[in-house]
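Engineer: Below: one structure in structure tokens.
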Amino acid sequence: MSNPDSILEIIEDFGHEKVAVIYRPSPPSPTPDKLLIDGLGYHPPMNPRTYVEDGIRVDQDVAVKMRDGTIIYVDVYRPDGAESLYNLPTILAWCFFGKRPGDSPKTWQAFGVPPETFSKMARFEGPDPAYWCKKGYAVVNADSRGAGHSEGNLVIWGPQDGQDGADTVDWIAGQVWSNGKVGMFGNSGLAMVQWWIAAEQPAGLACIAPWEGLSDIYREFVTENGIPCPGFVNFVMGAQSGPGYIEDVVGMLKEYPMWNAYWESKVPNFAKIRIPAYITGSWSHLHLNGSVRGFRKIRSPKKWLRIHREFEWPDTYAWWNQQDLKLFYDRYLKGVRNGWELTPRVRLEIMDAFEYDFQINRPEKEFPLARTQYRKLYLDASGAQPSGDAATQEGAPGSTADLSLTGGSLSWDSVPAESQVSYDAREGLTTFDITFTEDIELTGFWKAHLWVEADGHDEMDLFLTIQKLDQNGNFLPTSVLDEPHPGAWGRLRVSHRGLDEEASTDYQPIHSHRVEERLKPGEIVLVQIAFFPYGRIWHKGEKLRLQIAGRYFREGWFEPFSWDTDNKGKHVMHTGGKYDSFLQIPVVPPRYKAGDYIYR
């Protein structure tokens, strides 16, 4: 089938609403010099065959029929040998990234992972057959519908992936070489799809391991709380190809910028997930909200969460984490009673500075932590001057000097006097600091409660960051892939400020995105902005800084993040008096404290 050359709209029924879904033409499979990430989106020519390599039997480009007759293609890896070819538990890796990137003419390697750590059999962000087959497992790498040579149109996560994945689980469980039990594994796209497949409850699916994956395509992928972010989406989707059309989620955002049944279909039905799950997330990456939401909402009585500082790829392929995952799979795919149930339900790395963590894999029983004390740090703009801005503050002595090092303050006590600070909406920023007089751990959900005004425009895109500074005011970042991380972040398009009251909690506001509320001249509105969860310790004498701007600060990072911001004129932050702007922080007290002895 030749690639179509025009946009296609298909009316799809989402139960209570019909929506025209946009599909764009699929480009030809990218040539080696145009691959965005080594292997991401690479689909080698069809080559059905069986061969043995490194003691592993490979059945390549095997056809699997879906319930509607569509054919998808998978690669099956099994340990070779008469006795080891049968009664195998299986790990399924499902996505549209390309099931065999090792065939790419380019070097196949993931950032942060030393060369030769995994074999060319491993798919991007998936399990390595060269490891798992030698541990007595089969591995199935699938190209989802519309990806590579699999038939149909490529759908970007959602119910179709769930149904097709469930059909593939059933197919695996019925193979002569299978023991009838299937698990799933993968990062990012390979993690996200597990939510939908598990929600279908296929009989053969015994457990899942979504190691970092979004769970709300609208709020976490195509927008961030209403701010469109097509750069990363196009980066991920730009290299995908197949025989049909590709669902155009960026086009859908332009056509349907507010929440509707289509976007609702892109949120998994977590309540239907009842099987064991081993979930991970990183304090430092965009998948964290999805990972934490999945952990909290699935109905499985057997679920585990591990949150770490590192980027997902080195975390995945580290030997100690591979061994940990093997214990999980041995328990639920092989039935080995190895004590896995004694694994703490939650394990947290509490970050400090640079590559140093204050604690590693600290055992906890739940997340957020039951002993959390939510405290308010009130913003005080009196005396504040935005970086690089010569504006005069009301409620403070006037000045036309560039006071780029002078920011506002944060206080444990409410601020009686009203004041305000403004900054250029496109280029400026403002900060609010507090110096801690004793060690303090802040782990969990953060939120900002701010009174804001747009001077010269009817919209505001706000980018908030939490940073740590040393006693001399120097920035103390954490390190991710040896790069300084800018800090915990929260974002909001102010016209999307309306809350989903049913879903929101006091510590985590969730926006409905159903109504657009543009700002009127001189209008001061209250916004509540959730940060990604964060876990870090501040030592005595160190500062916490809240940075507010109309843009994101990160230079030199390999992922091409970009946002279609709508900022003009000035942003105004109001504080004090009736404008009780504050940052709510999750204070985690020590488990035990006596005199100078502290146990966390």
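Engineer: Is there a residue being in the same structural domain as PRO484 (by TED's automatic domain parsing) and acidic (Asp, Glu) anywhere in segment 350-357? Reasoning before the result, please.
Structural biologist: Within segment 350-357, the first condition is being in the same structural domain as PRO484 (by TED's automatic domain parsing), and the residues that meet it are none.
No: segment 350-357 contains no residue that is in the same structural domain as PRO484 (by TED's automatic domain parsing) and acidic (Asp, Glu).
Engineer: With (1) in contact with a Lys or Arg (Cβ under 9 Å, 6 or more places away or on another chain); (2) under 21 Å from PHE445 (Cβ atoms); (3) buried (at least 19 other Cβ atoms within 10 Å of the Cβ) as the list, and LYS543 as the residue in question, which single condition is left unmet?
Structural biologist: (2)
Engineer: Any idea which of PRO586, PRO590 is crowded, with 20+ Cβ neighbours inside 10 Å, more than 30 Å from ASN234 (Cβ to Cβ) and of a type outside the set (Gly, Ala, Ser)? Working first, answer last.
Structural biologist: Details: PRO590 fails: crowded, with 20+ Cβ neighbours inside 10 Å.
None of the others qualify; the one that does is PRO586.
Engineer: Could I ask something else about it? Here is a list of conditions, (1) in contact with a strand residue (DSSP E or B) (Cβ under 7 Å, 6 or more places away or on another chain); (2) at pLDDT below 95, and TRP171 meets all of them except one; can you say which number that is?
Structural biologist: All conditions pass for TRP171, except number (2).
Engineer: Another question, if that's okay. Among the residues of segment 215-251 satisfying the criterion of being closer than 27 Å to ARG67 by Cα and hydrophobic (A, V, I, L, M, F, W, C), which is surrounded by the fewest Cβ atoms within 10 Å (Cβ to Cβ)? Give the derivation first.
Structural biologist: Our first condition is that a residue be closer than 27 Å to ARG67 by Cα; within segment 215-251, this holds for 215-217, 237, 240-249.
If we keep only those that are hydrophobic (A, V, I, L, M, F, W, C) as well, we get 217, 237, 246, 249.
Working: ILE217: 23, MET237: 20, ILE246: 23, VAL249: 26.
If we take residues in segment 215-251 being closer than 27 Å to ARG67 by Cα and hydrophobic (A, V, I, L, M, F, W, C), then MET237 is surrounded by the fewest Cβ atoms within 10 Å (Cβ to Cβ).
Engineer: Here's a follow-up. Determine which member of the set ASP482, ASP439 is among the charged types (D, E, K, R) and within 30 Å of THR505 (Cβ to Cβ).
Structural biologist: Only one candidate passes the filter, namely ASP439.
Engineer: Just to be sure before I move on: is ARG67 touching a Cys at 6+ places or on another chain (Cβ under 8 Å) and not aromatic (Phe, Trp, Tyr) in the structure I sent? It would help to see each step written out before you state the result.
Structural biologist: Working: touching a Cys at 6+ places or on another chain (Cβ under 8 Å): no; not aromatic (Phe, Trp, Tyr): yes.
The answer is no for ARG67.
Engineer: Across segment 463-500, what is the number of residues that are of a type outside the set (A, V, I, L, M), touching a strand residue (DSSP E or B) at 6+ places or on another chain (Cβ under 8 Å) and over 19 Å from TRP538 (Cα atoms)?
Structural biologist: 8
Engineer: Now a separate question. List the residue pairs whose Cβ atoms are under 7 Å apart, where the first residue sits in segment 20-35 and is modelled with pLDDT of 70 or more, the second is among the small types (Gly, Ala, Ser) and not in a loop (DSSP other than H, G, I, E, B), and the two are 6 or more positions apart or on different chains.
Structural biologist: ILE22/GLY251; ARG24/GLY251
Engineer: A further question follows. Test GLU523 against the stated conditions and say whether it is in a loop (DSSP other than H, G, I, E, B) and farther than 23 Å from HIS285 by Cα.
Structural biologist: Details: in a loop (DSSP other than H, G, I, E, B): yes; farther than 23 Å from HIS285 by Cα: yes.
Here the answer is yes, as GLU523 does meet what is asked.
Engineer: Related question: Of all the residues that make up segment 159-170, how many are surrounded by 21 or more Cβ atoms within 10 Å (Cβ to Cβ) and of a type outside the set (S, T, N, Q)?
Structural biologist: Step one: of segment 159-170, the residues surrounded by 21 or more Cβ atoms within 10 Å (Cβ to Cβ) are 160-162, 164-166, 168-169.
Next, only the ones that are of a type outside the set (S, T, N, Q) stay: 161-162, 164-166, 169.
Selection size over segment 159-170: 6.
Engineer: Under the condition of being surrounded by 19 or more Cβ atoms within 10 Å (Cβ to Cβ) and of a type in the set (Gly, Ala, Ser), which residue from segment 78-101 is nearest to ASP143 (Cα to Cα)?
Structural biologist: Taking segment 78-101 and keeping what is surrounded by 19 or more Cβ atoms within 10 Å (Cβ to Cβ), we get 78-79, 88-101.
From what is left, the residues that are of a type in the set (Gly, Ala, Ser) are 93, 98.
Details: ALA93: 9, GLY98: 6 Å.
Among those residues, the one meeting the criterion is GLY98.
Engineer: Kindly provide the set of residues from segment 375-427 that are within 13 Å of GLN547 (Cα to Cα), at pLDDT 50 or above and not in a strand (DSSP E or B), ordered by number.
Structural biologist: Scanning segment 375-427 gives ALA381, ALA384, GLN385, PRO386, THR406, GLY407.
Engineer: Just to be sure before I move on: is TRP563 farther than 30 Å from ILE360 by Cβ and in a loop (DSSP other than H, G, I, E, B) in the structure I sent?
Structural biologist: Details: farther than 30 Å from ILE360 by Cβ: yes; in a loop (DSSP other than H, G, I, E, B): yes.
Taking the combined requirement at face value, the residue satisfies it.
Engineer: Would you check if ASP61 is more than 22 Å from GLY335 (Cα to Cα), outside any loop (DSSP other than H, G, I, E, B) and not hydrophobic (A, V, I, L, M, F, W, C)? Before you say what the answer is, go through the steps one by one.
Structural biologist: Working: more than 22 Å from GLY335 (Cα to Cα): yes; outside any loop (DSSP other than H, G, I, E, B): yes; not hydrophobic (A, V, I, L, M, F, W, C): yes.
So ASP61 fits the description; yes.
Engineer: So how many residues does segment 149-169 have that are closer than 13 Å to ILE72 by Cβ and in a helix (DSSP H, G or I)? Full working, then the answer.
Structural biologist: Let us first name the residues in segment 149-169 that are closer than 13 Å to ILE72 by Cβ, namely 149-155, 160-161, 163-169.
Narrowing the set further to residues that are in a helix (DSSP H, G or I) leaves 160-161, 163-169.
Total satisfying the criteria: 9.
Engineer: Out of all the residues in segment 532-552, is one or more more than 27 Å from ALA417 (Cβ to Cβ), out of contact with any Leu (no Cβ under 8 Å at 6 or more places or on another chain) and of a type in the set (Ser, Thr, Tyr)?
Structural biologist: Yes: segment 532-552 contains one or more residues that are more than 27 Å from ALA417 (Cβ to Cβ), out of contact with any Leu (no Cβ under 8 Å at 6 or more places or on another chain) and of a type in the set (Ser, Thr, Tyr).
Engineer: Answer yes if at least one residue in segment 286-295 is part of a strand (DSSP E or B), of a type in the set (Lys, Arg), in contact (Cβ under 8 Å) with a residue 12 or more places away in the chain and not assigned by TED's automatic domain parsing to the domain that holds PRO477, and no otherwise.
Structural biologist: Start the filter on segment 286-295 by keeping residues that are part of a strand (DSSP E or B), which leaves none.
No, segment 286-295 has no match at all.
Engineer: Of all residues in segment 76-122, how many are in contact (Cβ under 8 Å) with a residue 60 or more places away in the chain and either in a loop (DSSP other than H, G, I, E, B) or among the hydroxyl-bearing types (Ser, Thr, Tyr) (or both)? Working first, answer last.
Structural biologist: So the first thing to find is which residues in segment 76-122 are in contact (Cβ under 8 Å) with a residue 60 or more places away in the chain, and the list is 76-78, 85-97, 101-113, 117-119, 121.
Those still in the list that are either in a loop (DSSP other than H, G, I, E, B) or among the hydroxyl-bearing types (Ser, Thr, Tyr) (or both) too: 77, 85-87, 90, 96-97, 104-113, 117-119, 121.
Looking only at that region, the number is 21.
Engineer: Does LYS578 satisfy the criteria of being of a type in the set (Lys, Arg) and under 20 Å from THR465 (Cα atoms)?
Structural biologist: Taking the combined requirement at face value, the residue does not satisfy it.
Engineer: Answer yes if at least one residue in segment 468-476 is in a loop (DSSP other than H, G, I, E, B) and on the phi > 0 side of the Ramachandran plot, and no otherwise.
Structural biologist: So in segment 468-476, the residues in a loop (DSSP other than H, G, I, E, B) come out as 470-474, 476.
Keeping just the survivors that are on the phi > 0 side of the Ramachandran plot gives 473.
Yes, segment 468-476 has at least one match.
Engineer: Hey, LEU286 hits all of (1) buried (at least 18 other Cβ atoms within 10 Å of the Cβ); (2) in contact with a strand residue (DSSP E or B) (Cβ under 8 Å, 6 or more places away or on another chain) but one; which does it fall short on?
Structural biologist: All conditions pass for LEU286, except number (2).
Engineer: Sticking with this one: Could you list, in sequence order, all residues of segment 123-147 that are of a type in the set (Gly, Ala, Ser), part of a loop (DSSP other than H, G, I, E, B) and more than 19 Å from ILE172 (Cβ to Cβ)?
Structural biologist: If we filter segment 123-147 for residues that are of a type in the set (Gly, Ala, Ser), which is where we start, we get 126, 130, 136, 138, 142, 144, 146-147.
Then keep just the ones that are part of a loop (DSSP other than H, G, I, E, B); that gives 126, 136, 144, 146-147.
Scanning segment 123-147 gives a single hit, GLY146.
The values are calculated or read from the model by the stated rules, or taken from the named source; none is laboratory data. Since the structure is predicted, the reported quantities are computational estimates derived from the model, not experimental observations. Methodologically, a virtual Cβ is constructed for each residue, glycine included, from the backbone with ideal geometry; neighbour enumeration extends over all protein chains shown.
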